[in-house]
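See below for the structure under consideration.
Please treat every number below as a calculation from the coordinates, not as lab data. On a predicted model such as this, the values are computed, not experimentally measured, just so you know. Every residue, glycine as well, gets a Cβ built from its backbone with ideal geometry; the counts of neighbours run over all protein chains shown.
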Amino acid sequence: MNTPDRKPVEVVLVDDHRMFRSGVKAELGDAVSIVGEAPDVDTAIAVIRQTKPPVVLLDVHLPGGNGNGGVDVLHGCRGLETTAGQPVRFLALSVSDAAEDVIAVIRAGARGYVTKTISATDLTRAIQRVADGDAVFSPRLAGFVLDAFGAAAGEIAEVDEELDRLSAREREVMRLIARGYQYKEVAKELFISVKTVETHVSSVLRKLQLSSRHELTAWAMGRRLL
């Protein structure tokens, strides 16, 4: 689960159920390094500020704070960086797949949102991708985010010359890739082949003069397209 040339990602695990935290640690094993745990908002903020991990696994519904759960944690840690100078990134891990929960934590600054039905292998991969700067969502949840920010994206598209270089299909592919979809997931979502997805991604990167999906995600976020 952890590649030989990569150190385990340091993670703070925030969830109000001790048994669930124990289960996550057992499932992930040595694929990640749990450097802190917290059961509520106030403890989470304190632990995260002390350890400054690359990734925080954050439950959406937590006791304490102002009653807004994970959103309060995100607000309390806004602008926090690791000792290496990278932003502390948050991946929501929740039993809830309600659109309002997903959108609330993304607006507050989370880099991704997955449900607790996720496998240990996929969760490890999600943690690593978030640590690398990717945005990660379960496919159905990504649709909530795209819908929520679609209006703003449409307004910007009217005046964004760079975005105007892309075809309608390239914009669809770009947004899904920037949200953290894998090529196979994009192909399934848009009913096209993986090869076609690869072609569109290459075209998007060329037209926008970008070199990686990380740069593409940053570009899309800067224009509020996610």
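Semi-axis lengths, largest first, of the ellipsoid equivalent to the chain are 30, 19, 16 Å, with √(5λ) applied to each eigenvalue of the Cα gyration tensor.
Any idea what the alpha-carbon Rg over 2.2 N^0.38 Å comes to for the range 165-209? In units of the 2.2 N^0.38 Å rule of thumb, it is 1.00. Calculated mean residue ellipticity, 222 nm, the chain: -15000 deg cm²/dmol, from DSSP H runs (n ≥ 4) at -39500 (n - 2.57) each, averaged per residue and rounded to 500. A crude spin-label estimate for the pair His75 and Glu198, with each label 7 Å from Cα along the Cβ direction, gives 4.6 nm. Expressed to the nearest 5 percent, the antiparallel share of DSSP beta bridges inside the chain is 5 percent.
With 32 Å as the limit on Cα-Cα distance, the pairs of Lys25/Lys207; Lys52/Lys188; Lys25/Lys184 that go past it are Lys25/Lys207; Lys52/Lys188.
Taking trypsin sites (Lys or Arg not before Pro) across the range 1-91, the ones in a DSSP loop with at most 14 further Cβ atoms lying within 10 angstrom of their Cβ are Arg6, Arg78.
Reported value for the range 37-129: 90 Å³ per residue, from the convex hull of its C-alpha atoms.
If you take the beta carbon distance between Ser211 and Thr83 as r and set R0 to 25 Å, what does 1/(1 + (r/R0)^6) give as a FRET efficiency, to the nearest 0.05? Working from the Cβ atoms, E equals 0.40.
Listed by number, the DSSP H helices of the chain that run 20 Å or longer by alpha-carbon position along their axis and have mean Kyte hydropathy of at least -1.0 are 194-208.
How far is the Cα center of the range 171-226 from the Cα center of the range 8-79, in Å? The two parts, judged by their Cα centres, are 30 Å apart.
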